[in-house]
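Here is the structure we will look at.
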């Protein structure tokens, strides 16, 4: 495993103790590939509730399902979304099976405590009375609270558990981790019989596997009358322990030279240059094996020593290979033995939306609506994966020969899952274009689904009027000094209800915009009586010539009044 990767040692042990059957279940998964970076290391412990008719089955299902399904969620999802969704689904399944098999709300019930360690952060999920501890600097601290209530002096009952009802409240907590930290997960058969001091000593003085075994044995010796289980995760290295390692990984492949027609690069033959800017070059190329036409994107040598730029360049390929949508440009796999840094995408024979707008200065509303609906379908594909495009603009939208719209350029995409991977630079920044940036992004906030919807609305407005909804970008210093410019100033033929729709879609405050893409598209198609018609200010509705006439009349009226007063 390379130097910039999280590494740890783990150990676990479980025993039936004085009971005839072991209803505890536990599991740890430490990926050996890049999954350890994108998803992290996961550990979970579950205790089948003794009053449950199938507590053992519930605990085993909870553990196996969590470890399998968490790693099957999209890499772009945040840990809290991925693990939370999985545990919620497991809970619903346990409750449903309990009802189906045993016709009881307590048919399949268990506790569950899970830790996911990704990059330099630990994410804790907890339901019930199993526990998670942290040993740091010789101090053992309980990180979870028991979900139980005291019935009498000798008996406690669970107040929360997996499988009791269709929905369950899961405690969630995150904390930064350090090299040397040790996490301890136990069931109540352990921590009800061993003191904090005893647990600390066993965890601190032994390697994880041996420590787990000794904890289980000690609990049995102390008289535990329940199943006994323990897990330990000991962090031996964090990615940030070697800050130069990430840069070494990013710069492992050299930049390709400037390419000319007829040249070959890793099995691709260059046809011609399609686009060039100070940040990249795009070429039309032929895959010499499949004879398929592709777009080959190479990075600019101007940024050869810039790790942030390289990170963004590689992000584009990562994003494009994880989104499968007809309205999002598809990135293709690069050769396994490639010798240069570049990206390969499907070739789209068409024009940018900017070029389309230049040839369609006064489009029909139906044309604009059709394009907007396709862009919206592409954006939904990003948002479902907890991604935000952040740089939606006419230049980053392609229209091919049959009218299919595709969103391109993913270098600025915000990925919630990637933000949880520590880097020497801040990935949680807005990288979009000023004219299409939502006001909150111009104020320094990261991009959001609402900001993407704002950008789409600005594009729709621009397609219809050839200008932007505000006279200047609404930065914090000027946002309260700019007013929305009615579409009817430029296009009197556009209906009032459409203008009201766009005014709401590009509102300066996020709370005043549409909360969902579907609402915007619906109001873009037909009048919404709930949207009040707000005429533009009088100063905007009258032309400059009209104001000059009014001024002359006003002067004449004043002269007449002065003459009358003088008499």
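The values are calculated or read from the model by the stated rules, or taken from the named source; none is laboratory data. Note that this is a predicted model, so its numbers are computed, not measured. Cβ: placed from backbone, ideal geometry, glycine included. Neighbour counts: every protein chain shown.
Brief remarks follow.
- Under the condition of being surrounded by 15 or more Cβ atoms within 10 Å (Cβ to Cβ), in a loop (DSSP other than H, G, I, E, B) and in contact with a helix residue (DSSP H, G or I) (Cβ under 7 Å, 6 or more places away or on another chain), the residues counted in the stretch 491-527 number 6.
- Test for residue 467: is it touching a helix residue (DSSP H, G or I) at 6+ places or on another chain (Cβ under 9 Å) and not in a helix (DSSP H, G or I): yes
- Pairing residues of the stretch 530-559 that are more than 30 Å from residue 514 (Cβ to Cβ) with residues that are assigned to a helix (DSSP H, G or I) and modelled with pLDDT of 75 or more, at Cβ distances under 8 Å and at least 6 apart in sequence or on separate chains, gives 542/550.
- Qualifying residue in the stretch 1-23 (condition: farther than 26 Å from residue 227 by Cα and assigned to a helix (DSSP H, G or I)): no
- Screening the stretch 128-180 for residues that are under 25 Å from the mean Cα position of the chain (by Cα) and assigned to a strand (DSSP E or B) and picking the one that is surrounded by the most Cβ atoms within 10 Å (Cβ to Cβ) gives 171.
- Residue count, the stretch 78-109 (criterion: more than 30 Å from residue 388 (Cα to Cα) and out of contact with any strand residue (DSSP E or B) (no Cβ under 6 Å at 6 or more places or on another chain)): 16
- Of all residues in the stretch 100-127, those satisfying the criterion of being within 18 Å of residue 59 (Cβ to Cβ) and surrounded by fewer than 22 Cβ atoms within 10 Å (Cβ to Cβ) are 101, 102, 104, 105, 106.
- Entry remark, the stretch 389-407: residues being touching a helix residue (DSSP H, G or I) at 6+ places or on another chain (Cβ under 6 Å) and either buried (at least 22 other Cβ atoms within 10 Å of the Cβ) or within 15 Å of residue 453 (Cα to Cα) (or both) number 7 in total.
- For the stretch 358-374, a tally of residues being surrounded by 19 or more Cβ atoms within 10 Å (Cβ to Cβ) and either assigned by TED's automatic domain parsing to the domain that holds residue 77 or in contact with a helix residue (DSSP H, G or I) (Cβ under 6 Å, 6 or more places away or on another chain) (or both) returns 2.
- In the stretch 109-117 there is no residue matching the filter, namely being in a helix (DSSP H, G or I), touching a helix residue (DSSP H, G or I) at 6+ places or on another chain (Cβ under 6 Å) and touching a residue at least 12 places away in the same chain (Cβ under 8 Å).
- Tally of residues being in a loop (DSSP other than H, G, I, E, B) and closer than 21 Å to residue 122 by Cβ across the stretch 75-107: 4
- Residue match in the stretch 32-41 (condition: surrounded by fewer than 18 Cβ atoms within 10 Å (Cβ to Cβ), touching a residue at least 40 places away in the same chain (Cβ under 8 Å) and either part of a loop (DSSP other than H, G, I, E, B) or not assigned by TED's automatic domain parsing to the domain that holds residue 164 (or both)): no
- Of residues in the stretch 18-31 being in contact with a helix residue (DSSP H, G or I) (Cβ under 6 Å, 6 or more places away or on another chain) and surrounded by fewer than 21 Cβ atoms within 10 Å (Cβ to Cβ), the one farthest from residue 116 (Cα to Cα): 27
- Some residue of the stretch 53-71 being outside the structural domain of residue 419 (by TED's automatic domain parsing), assigned to a helix (DSSP H, G or I), touching a residue at least 60 places away in the same chain (Cβ under 8 Å) and over 25 Å from residue 9 (Cβ atoms): yes
- Residue within the stretch 258-267 that is out of contact with any strand residue (DSSP E or B) (no Cβ under 8 Å at 6 or more places or on another chain) and outside the structural domain of residue 193 (by TED's automatic domain parsing) present: yes
- When the strands (runs of 3 or more DSSP E) confined to the stretch 187-304 are screened for residues that are over 30 Å from residue 50 (Cα atoms) and free of Cβ contacts under 8 Å to residues at least 40 places away in the same chain, those reaching at least 2 such residues are found at 268-276, 280-287.
- Filter result for residue 533 (at pLDDT 95 or above and assigned to a loop (DSSP other than H, G, I, E, B)): no
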